[in-house]
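**Q** After the structure tokens below, expect a handful of questions from me.
No value in this document is a laboratory result; all are computed from the given coordinates. None of the values given here were measured: they were computed from a predicted structure. Please note: Cβ atoms are built from the backbone with ideal geometry, for glycine as well, and neighbour counts cover all protein chains shown.
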There are 2 protein chains.
Amino acid sequence: MKSPQMEKTRLDKVTVEAITALAQGIESRIEKLGKPEVSFPVRSLSNVRYDPKKGFFEIGKGRSVRALTVNTAKTFAQTLKMMALSRELVLTSDFATKRDAYYQSKNWGEAMFDEQAESDMVMDDIEAMFSVEGVSREQLRYIPDEHGGAVAGELIVNDTDLETGKVERIDCTKFGSGAYSIPSLVEHLTFETKAKFILCIETGGMFQRLQSHKFWQKTHCILVSMAGVPTRATRRFVRRLSDQHKLPVYAFVDCDPYGISNIYRTLKVGSGNAAHINRFFCVPQASFLGVTPADIVDYKLPTHPLKDVDVKRAKDALKNDPFFKIHKSWARAMEQLIKMGVRAEQQALARWGLNYVIDEYLPRKLKATAAFLP
Amino acid sequence: MKSPQMEKTRLDKVTVEAITALAQGIESRIEKLGKPEVSFPVRSLSNVRYDPKKGFFEIGKGRSVRALTVNTAKTFAQTLKMMALSRELVLTSDFATKRDAYYQSKNWGEAMFDEQAESDMVMDDIEAMFSVEGVSREQLRYIPDEHGGAVAGELIVNDTDLETGKVERIDCTKFGSGAYSIPSLVEHLTFETKAKFILCIETGGMFQRLQSHKFWQKTHCILVSMAGVPTRATRRFVRRLSDQHKLPVYAFVDCDPYGISNIYRTLKVGSGNAAHINRFFCVPQASFLGVTPADIVDYKLPTHPLKDVDVKRAKDALKNDPFFKIHKSWARAMEQLIKMGVRAEQQALARWGLNYVIDEYLPRKLKATAAFLP
């Protein structure tokens, strides 16, 4: 395995080269007195492919081209300034949020952004442009304003200090009832682990239960608190960790259309309108531990009626979502849920005792991982 | 200083005694053939006092009494069952979320809750009842479903393991670009620190900048990411840490009515409709580092126009909020903001360079803490 420092250096080199190559292309075009242009992948559901073997929603071959004209001059300049800022961030080992970039532009003279919506759009363009080169926004050193989730269990995270280059070894078994909070930028992290799987948990309450009772010690795993739909940093963290150590990822969420089609589907294959970045953020190796519609029956769980919005979400998924079209077992499960007309929370297992989930439910499930929904 | 283990034992003893005393009061009343009753503080703004010397919105003397009648029999029984569950949780070193408690009730026969709204209400009653005895909901071992914020800097957290009693020493200088994620329950934590202050930060992006550049090392402080209005766990964590080590707390939030009157005001004095718990959650030692309305002028910050909802929020605060009525300097600052008609984000400082906040703004501010808004 490469050292964390080497890995960081390699990624940064790839990134700077991609930026330089793009800028040189524009320069040489200008020198030949041609109109410079940049091309972006078209970002819409119509330009999305889903191949279960690849495991995520992929961007298609559709491209749109922005040539330099009188009308596009400002945006074109802003795109180049934003690329230059990215290069500077990599070279100075720094990073910026979307907002930082917007405020930075106040020093760009006529290329200044008037609204953050404009700078966000240019950043999305750049992200899409470089995604084709295999370079993510995080590698360009633009970070989300939101943190990642919390992590506990049999994992050591190696994190290289921005300024000193010193590597900090963070042992996630040593956080007591607390946890390791995933940073906004995870590209430079490397991992040491002997864990057997990663368990991604929807609610903070359930995570706290499993963490406080050191569930990871009994089962040799890594717990991740998603707190709803996982942030970019959380998804990327799980993906990199799972890739590096060939770890299966099991999702443990509420049994309702939101838990299944928003939280789990986003974790596993990404989202439709951000297909150009799914390759970095999806976790194709994820499978669904529960709570399943069958669990509601098998474990006699207390339920709530499905709301209209739940039913609509489920029917939409069955009709339009390639994930449910391709995975027949998921389509059947979703249909079963609609027919039952109820939903169940993961904490409903507390009906049988607060720690039933630890003593009975999870061990039983983990004996038959092959039966998990895909 | 008491050892973490002793402190935990002491708190648990106080809690169990408070529960037992209340239950015995009811029992002896029944034995005298009287109607048992429980009394709760009235929870409304009309029953709130604000004394700046005490430093938080306090619950007044108004009480309502629930006597056992045919109509209240079920709720009365549920209240007692919930108290009994709390006692069991303390004795078994466990905890439960509101949802856990609701699902547990499914085994309570006729005292079962039909809706979670009912069990939430009974839990709020119990919380209010015991708050008068100085016992918080967290001491009763009912925990919020949400996590706390993230922490980094010159702090060691001592956390006692639920099951083994072993104390884990968590060094918050050793997390690289990541951080310590505050657990849902913080009552059992103790702290070692030589830091000079606690800096509570509104956005994840700004926290990440200060953490990645180890701002805490240069200034000897502890960074806390609030990510908007701080959760109960975050507020309680900051309060206990500040109390134990007599540390000043500085808030660094956006300059807008939401940042000032929701995030900061809630951190410092608590909220109006939860006055019975503010004594546990407020951080009266907090003061306001920035961004202030004056900073917008002094640092020529890029701004956004105030929205109608911002103006309404600010005017409401000036008219109805005891905090702004008592602190004239805050009323003046808020009036200035309304007059300027703009708001500024903390990240607007990036206008002067991404790390201007670290190199110039914060050091300058920290030289004149006496000038902070109260």
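**Q** Using a label point 7 Å beyond Cα on the Cα-Cβ vector, give me the inter-copy distances for A:E88 in nanometres, one decimal, shortest first.
**A** 6.2
**Q** Anything over 21 Å Cα to Cα? Flag those among B:K319/B:K339; A:K166/B:K174; A:K53/A:K194, in the order listed.
**A** Check vs 21 Å cut-off fails for A:K53/A:K194.
**Q** Could you please tell me the mean projected area of the C-alpha convex hull for chain A, averaged over all directions and given in square nanometres to one decimal?
**A** Hull-based average projected area comes out at 20.1 nm².
**Q** Continuing with this model, one more query. Using label points projected 7 Å from each Cα along Cα→Cβ, tell me how many nm separate A:V65 and B:I338, to one decimal.
**A** Taking the simple label geometry, A:V65 and B:I338 are separated by 5.7 nm.
**Q** Per-residue mean of other chain beta-carbon atoms within 10 angstrom of the beta-carbon, peptide A:148-154?
**A** Across A:148-154, the average partner-chain Cβ count within 10 Å equals 3.
**Q** Rounded to the nearest 20 Debye, what is the dipole magnitude of segment A:194-344 about its Cα centre when Lys and Arg each give +1 and Asp and Glu each give -1 at the C-beta?
**A** 500 debye
**Q** Still on this structure: Looking at segment B:157-226, what % of its DSSP beta bridges pair antiparallel, to the nearest 5?
**A** 55 percent
**Q** Once both axes come from the Cα atoms, what is the angle between helix A:232-245 and the longest principal axis of chain A, in degrees from 0 to 90, rounded to 10?
**A** In chain A, helix A:232-245 runs at an angle near 80 degrees to the longest axis.
**Q** Sort the following peptides by mean Cβ neighbour count (other Cβ atoms within 10 Å, averaged over residues), highest first: B:115-125, A:220-230.
**A** Peptide ranking by packing, descending: A:220-230, B:115-125.
**Q** Now for a separate question. With a 10 Å cut-off between alpha carbons and a GNM built on chain B, which of B:E31, B:E345, B:E127 moves the most?
**A** In the Gaussian network model the winner is B:E31.
**Q** With contacts defined as alpha carbon pairs under 8 Å and 6 or more residues apart, what's the relative contact order of segment B:219-334 in percent?
**A** 25 percent
**Q** Which whole number gives the average, over all residues in A:351-359, of C-beta atoms from other chains lying within 10 Å of the residue C-beta?
**A** Going residue by residue through A:351-359 and averaging, the value is 3.
**Q** Whole-Hz ³J(HN,Hα) for each residue in segment B:368-374, computed from phi via Karplus 6.51 cos²θ - 1.76 cosθ + 1.60 with θ = phi - 60°, x for glycine and proline: what do you get?
**A** Karplus values, whole Hz, x for Gly and Pro: 9, 5, 5, 7, 4, 5, x.
**Q** Does the protein assembly as shown come out rounded, prolate or oblate, given a ≥ b ≥ c as the square roots of the eigenvalues of its C-alpha gyration tensor, rounded meaning a/c under 1.5 and, failing that, prolate meaning a/b above b/c?
**A** oblate
**Q** To one decimal in nm, how far is A:V14 from the same spot in the other copies, if labels go 7 Å from Cα toward Cβ? Please give the shortest first.
**A** 5.4
**Q** Something else now. Counting helices only, and only those DSSP H runs with n ≥ 4, report the 222 nm mean residue ellipticity of the protein assembly as shown as the sum of -39,500 (n - 2.57) divided by its residues, in deg cm²/dmol to the nearest 500.
**A** Result for the protein assembly as shown: -12500 deg cm²/dmol, rounded to the nearest 500.
**Q** Tell me the net charge near B:A227. Cut-off is 10 Å between Cβ atoms, B:A227 excluded, with +1 for each Lys or Arg and -1 for each Asp or Glu.
**A** Residues near B:A227 contribute -3 overall.
**Q** Say we join alpha carbon atoms closer than 10 Å with springs in a Gaussian network model of chain B; which of B:I59, B:I19, B:I201 then has the biggest fluctuation?
**A** Ranking B:I59, B:I19, B:I201 by mean-square fluctuation puts B:I19 first.
**Q** Here is a follow-up. From a point 7 Å beyond the Cα of A:A73 in the direction of its Cβ, which residues of segment A:91-131 have a backbone N at a distance under 19 Å?
**A** Counting only backbone N, you get A:108-114.
**Q** Once both axes come from the Cα atoms, what is the angle between helix A:73-91 and the longest principal axis of chain A, in degrees from 0 to 90, rounded to 10?
**A** Once rounded, one gets 70 degrees.
**Q** Treating the point 7 Å from Cα along Cα-beta-carbon as the label, what are the nm separations from A:R66 to the other copies, to one decimal?
**A** 6.0
**Q** Still on this model: Enter the angle in degrees (range 0 to 90, nearest 10) between the Cα long axis of helix B:4-31 and the first principal axis of the Cα atoms of chain B, meaning the one along which they spread out most.
**A** Tilt of helix B:4-31: around 40 degrees.
**Q** Please compare each pair in A:K300/B:K106; B:K328/B:K367; B:K218/B:K365; A:K74/A:K106 to a cut-off of 20 Å on the Cα-Cα distance and tell me which ones are over it.
**A** Beyond 20 Å between Cα atoms: B:K328/B:K367.
**Q** Roughly what % of DSSP beta bridges within segment B:227-374 run antiparallel, to the nearest 5?
**A** In segment B:227-374, approximately 50 percent of DSSP beta bridges are antiparallel ones.
**Q** Among the lysines, which have Cα under 19 Å from the Cα of A:K13 when same-chain residues fewer than 8 positions away are ignored?
**A** Result set, ordered by chain and number: A:K2.
**Q** Whole-Hz ³J(HN,Hα) for each residue in segment A:321-334, computed from phi via Karplus 6.51 cos²θ - 1.76 cosθ + 1.60 with θ = phi - 60°, x for glycine and proline: what do you get?
**A** 8, x, 4, 7, 6, 7, 8, 4, 5, 6, 4, 5, 4, 5
**Q** Most mobile of B:F237, B:F40, B:F175 per a Gaussian network model of chain B (Cα springs, under 10 Å)?
**A** B:F175
**Q** Residue by residue through segment B:299-314, what is 3J(HN,Hα) from phi via Karplus (6.51 cos²θ - 1.76 cosθ + 1.60, θ = phi - 60°)? Round to whole Hz and write x for glycine and proline.
**A** 9, 6, 6, x, 10, 10, x, 5, 7, 4, 5, 5, 4, 4, 4, 5
**Q** Next question, about the same structure. Counting only Cβ atoms, what residue of chain A lies nearest to the axis that sends chain A onto chain B, and how many whole Å off?
**A** Taking the axis that maps A onto B, the answer comes out as A:S181, 2.
**Q** Looking at the protein assembly as shown, send over the antiparallel percent of its DSSP beta bridges, to the nearest 5.
**A** So the antiparallel bridges amount to about 65 percent of the total.
**Q** Dipole size in debye (nearest 20) for segment A:107-229 around its Cα centre, Lys and Arg Cβ +1, Asp and Glu Cβ -1?
**A** Roughly 1420 debye, rounded to the nearest 20.
**Q** Less than 17 Å apart at the alpha-carbon level, and either on another chain or at least 8 residues along: which lysines does that give for A:K54?
**A** A:K246, A:K268, A:K325
**Q** Between A:E27 and B:I326, what is the label-point separation in nm under the 7 Å Cα-to-beta-carbon projection?
**A** Label-label distance for B:I326 and A:E27, simple model: 6.4 nm.
**Q** Another question, if that's okay. About its Cα centre, how strong a charge dipole does chain A have in debye, to the nearest 20, once Lys and Arg get +1 and Asp and Glu get -1 at the Cβ?
**A** 1360 debye
**Q** Using a 10 Å cut-off around each Cβ of peptide A:96-107, what is the average number of partner chain Cβ atoms that fall inside?
**A** Mean number of neighbouring Cβ atoms from other chains: 6.
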